[in-house]
Amino acid sequence: MTNGMMIEVSDLTKRYAGTTAVNGLSFTVGRGEIVGLLGRNGAGKTTTMRILSCFMPATSGSARVSGLDVFKDADEVRRRIGYMPENNPLHQDMRVREYLKFRARLKGLSRSRSRERVDRVVEQCGLGDVSKRIIGQLSKGYRQRVGLADALVHEPELIILDEPTIGLDPNQIRSVRQLIKELGNHHTVLISTHILPEVEMTCSRVLIMKGGKIVAADTPDNLQKGGQVVAEIAAPMKDLKEAMEDLSGVTHLSVAAAEGEYQRCTLTLADGLDLRPEIFKLVKERGWKLRELARVRPSLEDIYIRLTRPEGEEENS
Amino acid sequence: MQAYLTLTRRELGSFFVSWIGYVVIAGSIFLMGLSFVSLLETLQNEATPMPVAEIFLESYYFWLILLFSAPVITMRLFSLEKYSGTFETLMTTPVGDLEVVLAKFTAAMFFYAATWLPLLAFILLLRPFASNASMVDTGAIGSAFLGIFLIGTLYMAMGCFASSLTQSQIVAAMISFALGIGLFIVSYLSESLPLQKSWANDLLACASMKVHMQDFARGMVDTRYIVFYLSLSAFFLFLTYRVVESRRWK
């Protein structure tokens with residue numbers, strides 16, 4: 001394949017009558033990555049996924065999956081993608097195994113191969129107990145697994161899941177999440193979700209969308225870099241403040257009196273810095289007492305809220 | 001081809017796992033039964049030179065069955081998939097738009113043909129009692145069934161088109177019913193118009209399905225009629241195809 005990139009999207013735009021859902025979007029996803037697509041409702045996640053899965057074309061720009069153009073080689077791309085749309089639509093009147101077999105045949109698998117694959121995904125998704133039940137009578141968790149099994153049945157290189165854990169109870173979410181993690185070993189996965197802990201746990205990279213554009217693309221760890229260091233030190237307020245101001249890389253400093261002789265210092269740091277060793281050295285040199293030294297990382301939620309806040313809206317925390 | 005066959009089988013199967021399929025079959029058989037009763041009464045009263053197929057098609061039961069069953073058979077083909085969202089999963093598999101349209105149409109055609117099979121039993125039942133073999137002529141029955149099939153092709157194609165337009169099965173049924181009734185009424189228009197020669201009159205006469213069916217029932221297979229039904233069906237299927245494709249233009 002071309003350069004090992006699974007998805008290459010450049011300058012993608014999709015306009016509906018009156019609105020622009022995706023606006024000059026560009027990103028890449030490498031093979032074997034599990035990438036989370038985050039954003040508010042209406043940020044363009046579903047539209048992006050629909051374009052990638054060849055359900056509808058973009059207004060302009062290009063999207064490639066495994067080096068193939070999604071407009072020109074739509075059939076070949078569809079063969080390589082397993083897509084589970086939002087709300088996981090299924091044929092309610094079919095039985096689980098029957099449905100999976102139907103889907104496998106529809107995706108061009110031979111009779112014997114589809115039997116083999118259906119057996120495999122039924123086992124993989126834990127559907128053995130319900131394989132003869134009618135889909136309409138299954139619980140939501142099982143239906144979600146049927147949707148996943150359908151996305152997997154033709155062994156796609158790329159799996160696109162639009163909100164796979166929406167409406168599930170915590171136990172079900174955990175098992176679906178586990179399944180997605182396992183998929184990452186053999187497939188490239190692109191999931192969209194609102195549930196942030198899910199992203200932290202499963203995704204190797206995060207794309208945050210806003211207004212049809214990517215506003216951040218990085219690993220969860222990198223996004224959470226920087227943050228604050230909190231230290232409680234017993235020292236004269238004036239000396240402490242001066243010493244702290246001498247440290248480099250501090251963007252914001254506040255020192256407040258805590259109980260007793262202790263002062264509580266909160267240092268907001270520039271990206272990628274950790275001043276805890278320096279603070280410890282400082283305390284040792286001056287002979288002060290230290291009772292707390294901790295780094296507070298911003299949660300992914302804080303970052304998400306900060307990045308996706310509409311312009312003009314004030315932070316209310 | 002594999003996708004087409006798979007899809008046709010699934011569509012046909014879904015007629016038999018939902019109540020709709022059985023309601024249509026039951027309703028059709030009920031009306032056919034009534035028509036059989038009236039047919040027997042006609043035969044009892046006086047001698048008639050008409051073959052039985054023609055007597056049957058002369059009655060309104062045939063049109064009643066056609067006009068009501070066609071919208072019900074076709075209403076869910078596309079609209080249900082659009083409503084439930086399975087249209088999206090279907091269209092993201094490597095299946096062409098045309099294959100989807102043809103598969104759904106084929107399945108509807110098979111089901112439609114199946115609903116008419118009991119009629120064959122009625123006719124065969126009459127055969128031993130016919131005084132005159134030409135009354136139950138195989139050729140005439142064959143061409144009557146050909147007519148039923150051809151007219152069904154057109155009504156199924158119209159139903160597919162109506163269903164592809166909307167997410168609501170009721171709306172789809174109403175649209176295809178309106179189209180079906182509209183086309184049927186043309187037969188009466190051409191009858192009620194004054195008998196002067198005009199191109200409009202000629203055109204209406206050509207589109208008179210009542211006349212077509214009469215001829216088919218008499219054992220006359222006119223190629224003009226075949227062309228009429230097949231080309232109109234192809235036209236409606238083409239429209240359906242364009243509607244399915246239209247999601248790409250929006």
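Read-outs: derived from the displayed coordinates by stated rules, not from any lab. No experiment lies behind these values; they were computed from the predicted model shown. We place every Cβ from the backbone using ideal geometry, glycine too, and count neighbours over all the protein chains shown.
Between B:PHE235 and B:ARG127, what's the calculated FRET efficiency when r is the beta-carbon distance and R0 is 56 Å? Round to 0.05.
Working: r = 38 Å, r/R0 = 0.69.
Approximately 0.90, to the nearest 0.05.
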Can you give the log10 of the normalised intensity I(q)/I(0) at q = 0.10, 0.24 Å⁻¹, computed with Debye over equal Cα scatterers of region A:58-150?
-0.31, -1.18
Output ³J(HN,Hα) for region B:55-72: one whole-Hz value per residue in order, computed from phi by the Karplus curve 6.51 cos²θ - 1.76 cosθ + 1.60 with θ = phi - 60°, and x for Gly and Pro.
4, 4, 6, 5, 6, 7, 4, 4, 5, 4, 4, 4, 5, 8, 6, 4, x, 5
Considering only A:ARG143, A:ARG79, A:ARG306, give the residue with the highest GNM mean-square fluctuation for chain A, with springs between Cα atoms whenever their separation is below 10 Å.
A:ARG306
For region A:154-205, what percent of Cα pairs sit more than 17 Å apart?
28
Sorted largest first, the C-alpha extents of region A:7-62 along its principal axes in whole angstrom are 37, 24, 19
Using only the alpha carbons of region A:90-198, what is the convex hull's orientation-averaged projected area in square nanometres?
6.5
So how compact is region A:227-297: Cα radius of gyration and Dmax in angstrom?
10.9, 33
What is region B:2-248's relative contact order, in percent, from Cα pairs under 8 angstrom and six or more apart in sequence?
28
Give me the Kirkwood hydrodynamic radius of region B:1-145, using the inverse of the mean 1/r over all pairs of distinct Cα atoms, in Å to one decimal.
17.3
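Can you pull a Stokes-Einstein diffusion coefficient for chain A at 20 °C (1.002 mPa s), Rh from Kirkwood over Cα pairs, as a whole number of µm²/s? Intermediate results must be reported in sequence, preceding the final value.
Numbers: Rh = 22.3 Å.
Calculated translational D: 96 µm²/s.
Once Rh is set to the Kirkwood radius over Cα pairs, what Stokes-Einstein translational diffusion coefficient, in µm²/s, holds for region A:38-104 at a temperature of 25 °C and a viscosity of 0.890 mPa s?
Details: Rh = 13.7 Å.
Taking Rh from Cα pairs, D becomes 179 µm²/s.
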When the C-alpha atoms of chain B are aligned to their principal axes, what extent does each axis show, in angstrom, from largest down?
61, 46, 30
Per-residue Cβ counts within 10 Å, from other chains only, averaged over A:41-54: what number is that?
1
Checking region A:16-51 for trypsin sites (Lys or Arg not before Pro) in a loop per DSSP with at most 15 other beta-carbon atoms within 10 Å yields A:ARG31
Computed over region A:19-98: relative contact order in percent, which uses C-alpha pairs under 8 Å that are six or more apart
20
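For chain A, what does -39500 (n - 2.57) per DSSP helix run (n ≥ 4), summed and divided by total residues, give at 222 nm, in deg cm²/dmol to the nearest 500?
Numbers: 11 runs with 108 residues, N = 317.
It lands at -10000 deg cm²/dmol.
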Semi-axes of the equivalent ellipsoid for the protein assembly as shown, please: Cα gyration tensor eigenvalues, times 5, square-rooted, ordered largest first, whole Å.
70, 23, 19
Evaluate the relative contact order of region A:5-223 (contact order divided by residue number), counting alpha-carbon pairs under 8 angstrom at least 6 apart; express in whole percent.
30
Would you work out which of A:PRO89, A:MET6, A:TYR99 lies farthest towards the positive end of the dipole of chain A? Charges go on Cβ: Lys and Arg +1, Asp and Glu -1.
A:TYR99
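What does the structure give for A:88-95 when I average, per residue, the other chain Cβ atoms found within 10 Å of the residue Cβ?
Details: counts 2, 9, 4, 9, 4, 6, 4, 1.
For peptide A:88-95, the averaged partner shielding equals 5.
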What is the sum of charges around A:SER60, taking Lys and Arg as +1, Asp and Glu as -1, for the other residues whose C-beta is under 10 Å from the C-beta of A:SER60?
+1
Residue-ordered couplings for region A:32-39, obtained by feeding phi - 60° into the Karplus form 6.51 cos²θ - 1.76 cosθ + 1.60 and rounding to whole Hz (Gly and Pro as x), are x, 7, 10, 10, x, 9, 10, x
Write down the Å³ per residue value for the convex hull defined by the alpha carbon atoms of region A:162-317.
174
Taking every Cα atom in region A:191-277, find the radius of gyration and the maximum pairwise distance Dmax, and write them in Å.
17.9, 52
